Structures are given as C-alpha cells and as structure tokens.
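The block underneath contains the structure these notes are about, expressed in structure tokens.
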Amino acid sequence: MYTSISHFINEWNQEAASTQKVLDALTDESLQQKVSADDRTLGAIAWHIVSSTPGMLIEFGVTVESVQNENSIPTSAREIAETFRNVSANTSKAIGEQWTDQTLSEMKNVFGMELPRAAMLNMLIKHIVHHRGQMTVLMRQAGLQVPGIYGPSREEWSLMGMEAPSI
C-alpha cells in the first residue's frame, strides 16, 4: 500500500507507460478481436481501461474530467491510445494536486467497501494491469507484436541477440 503520493505517481507513470505501449501497438482491425462470442473485443477492453479510469477516480473522490463518449467504443486504435495518454497524465496531475501523503490513510466507502485511499490507488493500478494482460493475449490472436512489459516479449529477445525462452 502506498505511503506517499510520489510513490503512487511513480508507479502509476510506469504502469501507464506500459499500458500506453500496448495501446500504441493496436491497429484498427485488431480492435474486433475477441476470445469468444460471449467476451469483449480487444477494442472494448482497451476502451474500458481508458474510460473507466476517470470513473474510478471520481468514485474515489478525485475531481477529473470524464472521457467524452465513454459508452461508445472508438473504431480508431489511435483515438483510444491518444485518449489514454491524456487520461494517464490527468490521473497523475489530479492525484498530485488533490491528495497528500496524509490523506492516503483516510477511509472512504467505494464500490461498497470501506477502504483507505492508498488501497484505492492500488486498486486503480491493478485494474489497468489486469485488463492489459487480457489485451496482450488478444493481440497475439490478432497477429500483432506484443511489446515487452515487465521484460522482453518474444520478438524483443532477438533484438537483444538472444533466443526467446521456449519453456
């Protein structure tokens, strides 16, 4: 759990940058990829990350601007990626301006749970990480190159002059 706003902002910026790499790798065609008829498309998951981040922050008591047309999934991968770029920057800015290290221990009821604000920030990061993982699987199915997140992707091993692990 976070004990300082700067710790959260550093981790948010790192995770948001990894998410941005994934979003930047999407194509318009790939947005329709889905794992089954009953599941969300890659575009729907990507847009969910983008549009739900301000919604979560608002639920947490942070004043941020909602995403315009949040219920309408764009058909442009670039639009999704650019919107997240703005959402990500707004998240860091809003938390840095509106919360302090001291407010992190304050309790608030969010989504029916009584949580310290620090736990809410942890929830926000876990949310994008969870959905980013779903996206990378769908990206592989769509034939896209997946960027490395916590280490090199299969394709990036060769750029380092190494063979990707097979087991």
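The values are calculated or read from the model by the stated rules, or taken from the named source; none is laboratory data. Computed from a predicted model, the values in this text were never measured in an experiment. Ideal geometry is used to build each Cβ from the backbone, glycine not excepted, and the neighbour counts take in all protein chains shown. The area values use the complete protein model at the heavy-atom level, side chains included, leaving out ligands, DNA and RNA. Shrake-Rupley method; radii C 1.70, N 1.55, O 1.52, S 1.80 Å.
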Against the longest alpha carbon principal axis of the chain, how many degrees, from 0 to 90 and to the nearest 10, is the axis of helix 42-60 turned?
-> 10
Residues of type lysines that K108 reaches as a straight line, Cα spacing below 24 Å, ignoring anything fewer than 8 places off in the same chain | K93, K126
Carbon-plus-sulfur fraction of the accessible area of segment 21-134, 1.4 Å probe, in percent?
-> 47
For K21, go through the aspartates and glutamates and keep the ones whose alpha-carbon is under 20 Å away, minus same-chain ones fewer than eight residues off.
-> E11, E29, E79, E82, E155, E156
Go through segment 93-108 residue by residue and turn each phi into a ³J(HN,Hα) via Karplus (6.51, -1.76, 1.60, θ = phi - 60°); whole Hz please, and just put x for glycine and proline.
-> 5, 5, 5, x, 8, 9, 10, 10, 4, 5, 6, 4, 8, 5, 8, 8
What's the FRET efficiency of V137 with E65 using the Cβ-Cβ distance as r and R₀ = 25 Å, to the nearest 0.05?
-> 0.20
How long is segment 1-98 along each principal axis, judged by its Cα atoms, biggest number first, in Å?
-> 42, 23, 23
Crossing angle, helix 5-24 versus the chain [Cα axis fit, 0-90 degrees, rounded to tens] = 30
Check: segment 34-167 dipole with +1 on Lys, Arg Cβ and -1 on Asp, Glu Cβ, in debye = 180
Using Cα centres only, tell me the gap between segment 58-104 and segment 9-27 in whole Å.
-> 13
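Roughly how many Å² is the accessible area per residue of segment 8-77, as a whole number, for a 1.4 Å probe? Each step should come with its number before you reach the end.
Details: 3380 Å² over 70 residues.
It amounts to 48 Å² per residue over segment 8-77.
Please tell me the relative contact order of segment 6-100 in percent, rounded to the nearest whole number, where contacts are Cα pairs under 8 Å and at least six residues apart. Could you put the intermediate results ahead of the total?
Values: 85 pairs, mean separation 33.8, N = 95.
Across segment 6-100, relative contact order equals 36 percent.
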Around V110, which amide H atoms from residues at least 5 apart in sequence, or from another chain, sit under 5 Å from its own amide H, with H modelled in the peptide plane?
-> L115
Apply the Debye scattering formula to the chain, with a single equal point scatterer on each alpha-carbon and no solvent, then give log10 I(q)/I(0) at q = 0.10, 0.19 Å⁻¹.
-> -0.41, -1.19
